[in-house]
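Please see the structure below; I have some questions.
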């Protein structure tokens, strides 16, 4: 089914694109069906599958690469965080920085010690937001994320110089390029962790971008896990 959706999504633009999307969507369907990640009994699960097979296939393709890295590194797959949750979660796998999780497409890598409540909350309330950001923005998500990171890194260097070079340049650049990235601001706000501890002093958005999931669960007991 996923391959068919992918072909329909791409073939109206170009037959070759239809084939490419069919392959990506088909592979995602095979892996995700085997792992049973989509919650089919909920409308959100059906939407997630359809979008992953069409609009969001660029991010899903990168997610397939994350599966390969996880396999090579023998990363532990976490079914209790994945099955019917709409995404795949690995304890290790493809990460860019030790201690930080990385989400690409519908794959969350580097979840770490999820037995710890705060780490489990990171997966549920932060990384899952990135999964849905990729679905919402589709082929624009990764380019927009990368464009912000690149331009904001240059701005961060300028900020570091203007502030007299009194702080580590890396921390100022990371604050601008990573923490202030609107996609991260959104996710950290959902996690009820804004401002994050890694922000350089005096840098960053003043208020959370959105209401946290924790606040929503407290207001509506039916949302509690």
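Quick note: the coordinates plus some simple rules give every number you see, no bench work behind them. Keep in mind that this is a model prediction, so the values were computed, not measured. So basically every Cβ, Gly included, is an ideal-geometry build from the backbone, and we count neighbours across all protein chains shown.
Out of (i) 1.00; (ii) 0.96; (iii) 0.94, which label holds the value of Rg/Rh (Cα atoms, Kirkwood Rh) that was computed here?
(i)
Which distance in nm do the two modelled labels at residue 68 and residue 214 give, with both placed 7 Å along the Cα-to-Cβ direction?
3.9
By how many degrees, between 0 and 90 and to the nearest 10, does the Cα long axis of helix 15-35 differ from the longest principal axis of the chain?
The angle comes out near 90 degrees.
Another question, then. Fewest first, what order do 151, 27 take by the number of other Cβ atoms within 10 Å?
Values: 151 12, 27 18.
In increasing order of surrounding Cβ atoms, one gets 151, 27.
Decide, for the range 103-149, between rounded, prolate and oblate: order the square roots of the alpha carbon gyration tensor eigenvalues as a ≥ b ≥ c, take rounded if a/c falls under 1.5, and otherwise choose prolate if a/b is larger than b/c, else oblate.
Working: a/c = 2.83, a/b = 2.32, b/c = 1.22.
Prolate shape, in that a/c is at least 1.5 and a/b is the bigger ratio.
Still on this structure: Compute the angle between helix 2-11 and the longest alpha-carbon principal axis of the chain, please, reported from 0 to 90 degrees and rounded to the nearest 10.
With both axes taken from Cα atoms, the answer is about 80 degrees.
What does the extension gain come out to for residue 96 and residue 201, with contour length at 0.36 nm per residue minus their alpha carbon separation?
Numbers: separation 105, 0.36 × 105 = 37.80 nm, distance 2.39 nm.
Contour length minus the Cα-Cα distance gives 35.4 nm.
Please arrange 114, 46 by counting, for each residue, the other beta carbons lying within 10 Å of its beta carbon, fewest first. Before the final figure, lay out each step's value.
Working: 114 19, 46 13.
Fewest-to-most ranking of 114, 46: 46, 114.
Still on this model: I need the shape label for the range 39-80. Rule: rounded when a/c is under 1.5, else prolate if a/b > b/c, else oblate, with a, b, c from the alpha carbon gyration tensor. The partial results should precede the final answer.
Working: a/c = 5.40, a/b = 1.50, b/c = 3.60.
In terms of gyration-tensor shape, oblate.
Give the shape of the range 121-225 as rounded, prolate or oblate, defined through the alpha-carbon gyration tensor: a ≥ b ≥ c are the square roots of its eigenvalues, a/c under 1.5 means rounded, and otherwise the shape is prolate if a/b is larger than b/c and oblate if not.
Numbers: a/c = 3.26, a/b = 1.64, b/c = 1.99.
In terms of gyration-tensor shape, oblate.
Using only the alpha carbons, work out the radius of gyration and Dmax of the range 2-115 in angstrom.
Cα radius of gyration and Dmax of the range 2-115 are 14.2, 47 Å respectively.
Right, another one. Kindly state, to the nearest 0.05, the FRET efficiency for residue 115 paired with residue 44, given R0 = 30 Å and r defined as their beta-carbon distance.
Details: r = 27 Å, r/R0 = 0.89.
Efficiency at R0 = 30 Å is approximately 0.65.
From the Cα trace of the range 126-166, what convex hull volume per residue do you get, rounded to a whole Å³? Provide the component values of the computation, followed by the final result.
Numbers: hull volume 3.0 nm³, N = 41.
Cα-based convex hull of the range 126-166, divided per residue, equals 72 Å³.
Nearest 10 degrees is fine. How inclined is helix 128-137 to the longest principal axis of the chain, computing both from alpha carbons?
70
While we're looking at this one, here's another question. Listing 174, 83 from the residue with the fewest other Cβ atoms within 10 Å to the one with the most, what is the order? Walk me through the numbers on the way to the answer.
Values: 174 21, 83 15.
Going from least to most buried by this count: 83, 174.
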